[in-house]
């Protein structure tokens, strides 16, 4: 391969790396994306992922996205933690504390109760 071709290839790789963005998705959002592809069009790994998210999604896709936003903006929780909280939808303050034990800050019990209440309001009944 000539030096010119290698240089062009490196430019393409650099441009591709700039275009890549990362977005944290909740399980319901993943389920929605896989549903949009169509179950018949999924490969084996995607089918396994679809089976998993179908079993463990605890809210609808739109609700999950709004919950993550509210946890981040109203309660000051990191997006990573908010996604994990929405994925598991803890039912008690004690369960919620598991996700917030990073030790960075102490969260008031009243705020924890408010978060559990918010989750309860948006929990999908099974």
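The values are calculated or read from the model by the stated rules, or taken from the named source; none is laboratory data. Treat the numbers as computed from the prediction; the structure is a model and nothing was measured. Positions of Cβ are backbone-derived with ideal geometry, glycine not excepted, and every protein chain shown enters the neighbour counts.
The set of residues in region 92-114 being surrounded by 10 or more Cβ atoms within 10 Å (Cβ to Cβ) and part of a loop (DSSP other than H, G, I, E, B) consists of 92, 100, 107.
Here region 23-38 is the region considered, the condition is being free of Cβ contacts under 8 Å to residues at least 24 places away in the same chain and in a loop (DSSP other than H, G, I, E, B), and the residue that is nearest to residue 69 (Cα to Cα) is 23. In region 115-126, what residues are surrounded by 10 or more Cβ atoms within 10 Å (Cβ to Cβ) and at pLDDT below 90? Within region 115-126, 123, 124 meet the criteria.
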